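The values are calculated or read from the model by the stated rules, or taken from the named source; none is laboratory data. Remember, it's a predicted structure, so these values are computed and weren't measured experimentally. Every residue, glycine as well, gets a Cβ built from its backbone with ideal geometry; the counts of neighbours run over all protein chains shown. Side chains included, ligands, DNA and RNA excluded: accessible areas come from the protein's heavy atoms. Shrake-Rupley method; radii C 1.70, N 1.55, O 1.52, S 1.80 Å.
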Amino acid sequence: MPSLLFYLLALITLGFGFMVVTGRNPVTCALCLAASFTGLAALFIGLDAYFIGIIQILVYAGAVMVLFLFIIMLLDIKAEEGKKLNLAPIISGVLVAVLLVVQIAAVVSSTGIADKTSENTPLALSEASGKIGRAALPTITNDLKEGTLPDAKLIGFTLFDQYGFHLQVIGLLLLVGTIGVVVLSKREKGGAA
Amino acid sequence: MSVLEIIIALPLLAALAVGLGAPARAASLGATFINLVLVLVSMVQYAGKSGLAFTQSRPILENPSLNFAVGADGVSLILALLTTLVMLAAVWQIEDRPNIFYIASLLIGGGALGAFLTTDVFFIYAFHELALIPTFLMIALHGRAEPAQRKAVAWKATIYLGAGSLVLLAGLAWVVLEFSGGSKLTFDLEALRNQAKLTPLPVEKQGQLFFLLLVGFGSLVSLFPFHSWAAPAYATAPTPVAMLHSGVLKKFGLYGLLRIAMPLLPQGAQVEWVQNALLLMLLGNILVMGLVTIHAHRLDDTLANSSVMHMGYIFLAFAAGTDIALKGAVMLMFAHGVSIALLFGLCGRMRNQLGTLEYSKLGGLASHAPAFTVLFAFGTFASIGLPGLSNFAGELMIFAGSFTGFKGTLTNLHWTVILALWGVVMSAVYMLRAYRGIFHGGTNAGFYMIDPAFSQRLPFIMLAATLLVTGCCPWLLLNLMKTALP
Amino acid sequence: MITLGHYLVVSGMLFALGLAGVIARRNIIIVYMCLEMMLSAANLALVGFSRFHLVNGLPDYTAQSLVFFTITVAAAEVAVGLAIIVALFRTKQSVDVESVTKLQG
Amino acid sequence: MSVFTLEAGIALLGLALLMVEAFKPDISRRTLGLTAMAGTALALVLLPFCGTTQPGFMEAWHQLDTLAMFYKGFALVITLLVLWLTLECAPYLTRFTLDGRLAEMFSLPLITCAGMMWMASARDLVTVFVSLELVTVSFYVLVAFARKSAFSLEAGVKYLILGALSTGILVYGIAWIYGATGSMNFAAIGEALADPATSKPAALFGAALLLCGLGFKVAAAPFHMWVPDVYQGAPTPVTAFLSVGSKAAGFVVLTRALDAFLAEGSIIGSEIQALLLVAGSLTALLGSLPAMFQTSVKRLLAYSSISHAGYLLLALACRESARFDISSSGIVAFYLATYLPMTVLGFLGLGLMRANGLGEDIKDFAGLSKRNPFLALLMTISFASLAGLPLTAGFLGKLFVFLGLADHGYWGALSCAVIAAAAGFYYYFKTILVMYTVEGSDTPALTISMASKVVAGALAAIILVLGVYPKPLQKVLAADKPAIAAK
């Protein structure tokens, strides 16, 4: 990824993220979050993770954001105006964040892993087609031979080959979530909830 | 199945039965009486032997090796006899009291028997804790004071004894880790002792560990300066609990020092700083508490404080560490237990009848209650150490055994013995003053009591007779101990 | 040149931003958004590591599967979470963290 | 029959109950509850007969060693008890639920139980994450289940926010561990950590984050702040489930992760060990000391649950020693096995009082010995065991922890643990004394159903029997050495 584009996307992600944290109006915050996640999705794509990038947009910027906005509108939550700022949590929040960033920067600068770039660790698509063993479905190997990264197919293969069980657990989890939503927000038969 | 297991189980089962609705008095008296007979029979069987007898070990865990192991030698049997005697008397003298009095007495007695007759450090500790809990509860529930005050007293005792138990636990854990040897952790006292003989600790370390155990066990025995819970607790506790705790349960700390600390750390008490600290503490017990006792103006205060004070003599034996002194210590443990139980029992009766124990309000009871007076006199004279009663033998052996090794210069130990002798004088002063003040002199109108019925005299007669018999024939007990230390 | 370190720092900053928001903000819904940001930041780190940890010359797709799971879990969490928040709002008419103070020792 | 079938069966039973309730709404809650209990009990009976072989494709992420089987049984037992507790608490619980329904309170614990059973077998971080989240999300719903009670909702929101926060931290930690070691599999992580070429700062950072994330789940300091509020607000059966089931599941994952982090020659071993010791000591103290000032028994039990987490962390910090045949994971398993009956008994007592229209404050316990001597006795046994009184199950667990600490010479941590235990004696016995000494208001005698008496009596008996005869758990204590150490 060209440096300039990376910095631009990072700026979008972090800048809108910052606005979420500082914004006073929940609607603005939600929209900023969507923008931030779009930037993040672009970063994913820059990391050759097209599938993840797409579902990041679909799930977050699409579904989750709509849910947030819907709730904000439904509950008619106003901006927190007129309330005085509570300094202690703000200061501690900033402090924790700064410490964490310093820590992460220190870790990143001291490990060799962080120096990898897409130049020194390039994807070897056509060579990979011969090596991927069980994942060697014709459609995947063909894609690889053609030099494109069939990452949705590869993720799908990993999910259903290695993580079939986990997928079902996640399904159960979504079901539990659904039950939870019904139990918690259904109106009572007897009238007002 | 060892007879000792039956002895331990009987009171606990009786407590359970009473809890489930069995007739309280019959069950308790029956169980304790059978227990007394069993202990006496075992003592007769043991006579002439040495080492552990009646052993039985049931594995509980393999590694760390934990067994429900019972076994007794002379010292344990003497203390078991003390326990059964006092338990019988304590249960017997209960009148018109809720069942919980019986249950608590049986639990305290059963716990004490368990502590004296098991040979596994884990169970020794655990049984003692089992006996402590009903003590606290009974003080808090049925103590003889205003609810707020008795709760405070119970709390104080709980905190002191709880903290002491924790220090003790730390000490015991250290002992177990230090002396387990080999690859297996064991709680078995015999195995620990063997290992201690094979690979004794360096002397300085023995001193440190001994001191830790001394503080742990000592606070259970009201060793100065960890004593301040004892006097209010005994003064407040219901009669059977006061009898059992001061007479029996308190001896657990001393027993522990004798069974665990002394054999495992033979030089521990002789390390100079430990010995000096111990001597100072026991002088605190004897002299400071002696003075406090002299200034008490209620009978229960006098008895409670004197009980704290007398512990000093026994610690003196530990400081000296000679065989004679330690045998004397066991003797005195027995004698003190019987005499203080007798005195607390009588004191409880007086409080019930008179409603007060203030010396200033009492006097001349002898003319109305002659039998009571005679029984009380037995307790008083035993407590002073009159020849012919068993306390005398114990005290004499301790003093004699501690003064050995005198070669012209007086060591700290010898000075302590000399100072401790003054304690005998002090106890004569306060006990005789109490006796004269209550039973002789002018009759105070309004405070009038009569002798208890004969059946209610019996438990006290039994205790007094024990004092007399073992006082005239101390060899009955001494012959059971070839040596005081295993 | 953009290294893995660059991605990690961006992910770390986003994570820290989210954490700061969780600590500092009082509006529960915004706190919840910040939590989503933290999860996404973690996903960025995972995807970054997976891209540069090549297996057979391809990104490591076990890590990306985990990202897939996290996104799904996050969606379920949002749904349940918002349901609880709505229920709370119905009883209290407020989404201020400080209104959640009935439970105290 | 494979264990896997059993786990799937439990989850399916949960779904089936939901379906039945949906299509036949007039089914009585007793039938539902008893069916759920019967299923769980059946699974519990079948568990020992299940083979520990598994199809090859599961080997990579699923293991069936003694520890896993033990924790699976543990999850089933606690679920069974929680279902029972729910039935007992139903009369007052239904006042706060949607239309007085309770069906989900029977099916969700089953699904949670399946999640815990999967956690017990997890061999890689993906499985850990997925099953852990299943458990966590179920708990979000369960905690807030009494939705007409503001307390329950507040507890739900608090648990939600902090649970989501811990999930975030956990995932971030997983990311860094994966980044540093290149794998999600515990065994492979252990091998990579033993390799000096692995980047130490990155591995340490990831491991610390992962431990923080798990620390939330097991209520370790300094991430314990949510516990008292959530425990107090949640419906009592859910609190019991959280404090026993969720904690045990968290600890089995911690055990597995630490087997990797503290494996022989690990480059981050000493740091993680120090971290555990500090966190364990802090947790024990921060649980015990504030507990002394609580007025609500439910909060007191919450703080006590925190301090127990502290002892467990300290146990984890002591790895095997030559003197001890007990591995630290064995001690943890043993401790949890003793922790289960005493905690559940405590909460059962609370639930029964609540069902009789009483509160949960210490002052509500006044004169309990007069109103219901049996219940007072049971609560006394439970509290005495929680305090660690000898001859009760609680003492042995603590003893092993203390011995382990002393054996390794961790004197600082040992003294913290002892101070916490001493404080524990204070607050448990304070409550016991209130039951026996303080005269209560003249509320009528409590009534307890016969079945509850049997269950509670059995729990008390287990506490007492395990206190003097822990041998049945010996097999757990001598649990197989961690797979990595064996290599």
For chain C, what is Rg from Cα atoms divided by 2.2 N^0.38 Å, rounded to two decimals? 1.36
Chain D: angle of helix D:297-317 to the longest principal axis, Cα-based, in degrees nearest 10: 20
All lysines inside 25 Å of D:LYS200 as judged from Cα atoms, apart from same-chain residues fewer than 8 positions distant: A:LYS116, D:LYS487
P(r) of chain B over all Cα-Cα pairs, 10 Å bins starting at 0, rounded to whole percent, reads 4, 21, 33, 27, 11, 3, 0, 0
In terms of the ratio Rg/(2.2 N^0.38 Å) built on C-alpha atoms, what value belongs to the stretch A:123-186? 1.66
Could you tell me the total accessible area buried at the D-C interface, probe 1.4 Å, in square angstrom to the nearest hundred? 3500
In whole µm²/s, the translational diffusion coefficient that Stokes-Einstein assigns to the protein assembly as shown, given a Kirkwood hydrodynamic radius over C-alpha pairs, 10 °C and 1.306 mPa s, equals 48
Exactly which trypsin sites (Lys or Arg not before Pro) in the stretch A:135-193 are in a DSSP loop and have at most 11 other Cβ atoms within 10 Å? A:ARG187, A:LYS189
Rounded accessible area per residue of the stretch D:274-487, 1.4 Å, Å²: 30
Return the whole-Å distance between the Cα centroid of the stretch C:21-54 and the Cα centroid of the stretch D:54-88. 31
Over 21 Å (Cα to Cα) - which of D:LYS247/D:LYS398; B:LYS250/B:LYS361; D:LYS217/D:LYS363 fall in this group: B:LYS250/B:LYS361; D:LYS217/D:LYS363
Note to self: Kirkwood Rh of the stretch B:1-270, Cα pairs, one decimal, Å, is 19.0
Which order do the peptides D:115-121, B:370-376 come out in when sorted by mean C-beta neighbours inside 10 angstrom, highest first? D:115-121, B:370-376
How much area per residue is accessible in the stretch B:315-432 when the probe is 1.4 Å and only protein heavy atoms are counted (Å²)? 32
Within the accessible area of the stretch A:123-186, what % is carbon and sulfur when the probe is 1.4 Å and the other protein chains stay in place? 60
Which residues make up the longest stretch of chain B clear of GluC sites (Glu not before Pro) that lie in a DSSP loop with no more than 15 other Cβ atoms within 10 Å, not counting the sites? B:96-486
What is the helix-to-structure angle for D:450-468, meaning the angle in degrees between its Cα long axis and the longest Cα principal axis of chain D, kept from 0 to 90 and rounded to the nearest 10? 40
Give me the percent of DSSP beta bridges within the stretch B:1-270 that run antiparallel, rounded to the nearest 5. 90
In whole percent, and with a 1.4 Å probe on the protein chains, what portion of the accessible area of the stretch D:10-149 is carbon and sulfur? 70
For chain B, share of DSSP beta bridges that run antiparallel, in % to the nearest 5: 90
Mind grabbing the interface size between D and B? I mean buried accessible area, both sides, 1.4 Å probe, in Å² to the nearest hundred. 2900
Ignoring ligands, DNA and RNA, how much accessible area is buried between chains D and A, both sides summed, with a 1.4 Å probe, to the nearest 100 Å²? 2700
Considering only DSSP beta bridges whose two residues both sit in the protein assembly as shown, what percent are antiparallel, to the nearest 5? 90
Need one word for the stretch D:274-487: rounded, prolate or oblate. Basis is the Cα gyration tensor (sqrt eigenvalues a ≥ b ≥ c); a/c below 1.5 gives rounded, then a/b vs b/c decides. prolate
Toy charge model, Lys and Arg Cβ at +1, Asp and Glu Cβ at -1: the stretch B:271-486 dipole around Cα centroid in debye, rounded to 20, equals 240
Compute the angle between helix B:121-142 and the longest alpha-carbon principal axis of chain B, please, reported from 0 to 90 degrees and rounded to the nearest 10. 20
The relative contact order of chain D, taking Cα pairs under 8 Å that sit 6 or more residues apart, comes to a percentage of 15
Taking every pair of Cα atoms in chain D, average 1/r, invert it to obtain the Kirkwood radius, and report Rg/Rh to two decimals. 0.95
Enumerate by residue number the GluC sites (Glu not before Pro) in the stretch A:25-132 meeting two conditions: DSSP loop (anything except H, G, I, E, B), and at most 16 other Cβ atoms within 10 Å of the site's Cβ. A:GLU81, A:GLU119
With a ≥ b ≥ c the root eigenvalues of the C-alpha gyration tensor of the stretch D:91-192, is it rounded (a/c under 1.5), prolate (a/b larger than b/c) or oblate? oblate
Please give the charge dipole size of the protein assembly as shown, origin at the Cα centre, charges +1 on K and R Cβ atoms and -1 on D and E Cβ atoms. Round to the nearest 20 debye. 2540
Relative packing of D:457-467, B:158-168, D:72-82, which averages over residues the other C-beta atoms within 10 Å, highest first: D:72-82, B:158-168, D:457-467
Counting GluC sites (Glu not before Pro) as exposed when in a DSSP loop with at most 15 other beta carbons within 10 Å, what is the longest stretch of chain D free of them? D:1-263
